[in-house]
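Here's the structure we're looking at; comments come further down.
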Amino acid sequence: MRGLFYHEKKKERILRVVNTVADSQLRGAGTPGALLSAIKNTAMEWDKQEKKGYRADHAYTMIEGLNIS
């Protein structure tokens with residue numbers, strides 16, 4: 001059981017690193033890249049909220065969609 005937990009944590013860590021690298025590369029491409037990054041992050045937040053079922057709070061999804069700084 002402990003090995004499974006460790007594997008999942010490592011998988012989450014790798015996904016977080018890949019997401020950060022993708023955001024950096026997209027935002028470095030200028031305004032179109034920032035827009036693509038915002039769309040990607042909005043989709044990821046929507047998926048995260050949908051997994052919560054009836055406790056989903058899509059206000060976080062809308063906030064993520066407006067984050068094009």
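Summary of values
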{"read-out": "Hits in the stretch 45-68 (condition: open to solvent by less than 100 Å² (accessible area, probe 1.4 Å) and charged (D, E, K, R))", "value": "GLU45, ASP47, GLU50, LYS52, ASP57, GLU64"}
{"read-out": "Residue that is farthest from ILE63 (Cα to Cα), among those in the stretch 15-28 that are in contact with a helix residue (DSSP H, G or I) (Cβ under 8 Å, 6 or more places away or on another chain) and open to solvent by 60 Å² or more (accessible area, probe 1.4 Å)", "value": "GLN25"}
{"read-out": "Given (1) modelled with pLDDT of 90 or more; (2) open to solvent by 80 Å² or more (accessible area, probe 1.4 Å); (3) over 12 Å from the mean Cα position of the chain (by Cα), number of the condition LYS9 does not satisfy", "value": "(1)"}
{"read-out": "Residue within the stretch 32-42 that is at pLDDT 85 or above, exposed (fewer than 10 other Cβ atoms within 10 Å of the Cβ) and not aliphatic (A, V, I, L, M) present", "value": "yes"}
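The values are calculated or read from the model by the stated rules, or taken from the named source; none is laboratory data. Fair warning: this is a prediction, and the values are worked out from it, not measured in the lab. All Cβ positions, even for glycine, are placed from backbone atoms using ideal geometry, and neighbour counts span all protein chains on display. When the accessible area is computed, the model is the full protein with side chains, heavy atoms only, and any ligands, DNA or RNA have been set aside. Shrake-Rupley method; radii C 1.70, N 1.55, O 1.52, S 1.80 Å.
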